[in-house]
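First the structure, in the form of structure tokens, and then the observations on it.
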Amino acid sequence: MQEKEEIESNYFPKTTDKMELLYQELLRKRERAWSIHHAVEQEKRKQEDAYYTKWSHQIKTPVSVLRLLLQEEDPDTETMRHELFQIEQYIAMALDYQKLEKGVKDLSLGHFRAADLVKQAIRNLSELFIHKKISIQIGEDLDFTILTDEKWFVFMLEQILTNAVKYTKKGYVSVCRQGEGEIVIMDTGIGILPEDLPRVFEWGYTGYNGRLDKRSTGIGLSLVKSAADLLGHPVKIESEPGKGTKVCIDTRRPKLNTG
């Protein structure tokens with residue numbers, strides 16, 4: 001219906017009347033604004049369709065594995081637990097994706113201890129660390145306060161830690177403080193190629209590592225960037241192939257000039 005309502009400004013009658021010219025210009029501006037809005041909404045719908053198509057393929061894998069295990073006389077409960085954890089992760093991410101795309105309305109800013117937020121994220125992902133046999137090191141320098149939203153900050157940490165574990169075959173993941181208020185997540189994983197690094201926050205971009213991991217959607221870090229922008233915590237990534245990746249979340253707030 002909206003498309004039919006679009007104004008065909010090219011067919012405006014020629015006129016020298018100032019009021020008529022002003023009216024035509026206002027209609028042209030309305031048409032341009034509508035066209036931009038329409039293009040943005042179309043792109044969002046395309047992204048949503050692409051995401052849920054990938055999501056449906058993702059979640060089929062652990063469901064299929066669980067079904068096969070349940071057919072065995074003595075099913076591997078550890079594997080079952082891990083596949084169930086994967087399903088829970090996919091569902092939680094889909095819900096968070098919807099909230100970020102439609103605009104978060106439940107922000108609740110408060111002061112939180114960095115160590116508590118980090119430990120909460122690690123607890124939520126404990127099954128993943130155990131399954132991959134990757135150790136986690138937590139710095140003793142995380143005893144400082146952050147002004148943030150607890151839910152969305154933990155969400156960012158979980159996405160970054162999940163990636164760290166996913167692309168680390170052996171070694172460890174560490175979380176520590178850098179400078180006045182940066183939280184740094186480092187891993188000893190496969191790293192990111194230099195040509196992929198500038199695009200890791202792009203929606204749907206998987207890069208070389210994503211092509212190796214068939215379950216990758218290229219959306220996790222895009223959602224991290226959206227949440228970081230929402231909270232006002234800049235995020236940057238440094239990496240070297242074969243040596244690991246370092247993700248920095250800047251939790252500092254600009255100091256007000258009261259002078």
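The values are calculated or read from the model by the stated rules, or taken from the named source; none is laboratory data. Values in this document were obtained by computation on a predicted structure and should not be read as measured data. Backbone-built Cβ (ideal geometry, glycine too); neighbour counts: all protein chains shown. SASA here: full protein model, heavy atoms, side chains in, ligands and nucleic acids out. Shrake-Rupley method; radii C 1.70, N 1.55, O 1.52, S 1.80 Å.
Taking the helices alone, the chain has a mean residue ellipticity at 222 nm of -17500 deg cm²/dmol, built from -39,500 (n - 2.57) per DSSP H run of at least 4 residues and averaged over all its residues.
The GNM of the chain, with springs linking C-alpha atoms under 10 angstrom apart, assigns the highest mean-square fluctuation among Ser108, Ser35, Ser126 to Ser35. With angles folded into 0 to 90 degrees, how steeply does helix 18-70 sit against the dominant principal axis of the chain? Use alpha carbons for both and round to 10. So the helix axis and the longest Cα principal axis differ by about 20 degrees. For segment 17-89, GluC sites (Glu not before Pro) meeting the loop criterion (DSSP other than H, G, I, E, B) and having at most 13 other Cβ atoms within 10 Å: Glu72, Glu73. Hey, for a label at Glu88 modelled as a point 7 Å past Cα toward Cβ, could you say which residues of segment 110-154 have their backbone N under 12 Å away? Answer for this model: 123-128. What residues from segment 168-211 fall in the zone where the backbone N is under 16 Å from a label point 7 Å along the Cα-to-C-beta line of Arg252? Within reach of a label on Arg252: 177-184.
Under a Gaussian network description of the chain, with springs only between Cα atoms under 10 Å, the residue in Asp74, Asp229, Asp141 that fluctuates furthest is Asp74. DSSP beta bridges fully contained in the chain are about 85 percent antiparallel. Of the solvent-accessible surface of the chain, computed with a 1.4 Å probe and all protein chains present, 53% belongs to carbon and sulfur. Available extension along the chain between Gln178 and Glu73 is 32.7 nm, counting 0.36 nm per residue and deducting the alpha carbon span. Under 5 Å from the amide H of Glu182 lie the amide H atoms of Thr251, each residue being 5 or more positions distant or on a separate chain, with H modelled from the backbone and absent for Pro and chain starts.
Exactly which trypsin sites (Lys or Arg not before Pro) in segment 122-157 are in a DSSP loop and have at most 11 other Cβ atoms within 10 Å?
On the way: sites: Arg123, Lys132, Lys133, Lys151; in loops: Lys133.
Listed in order of number, the matching sites are Lys133.
Mean-square fluctuations from a GNM of the chain, with a 10 angstrom spring cutoff on Cα atoms, peak among Gln159, Gln42, Gln137 at Gln42.
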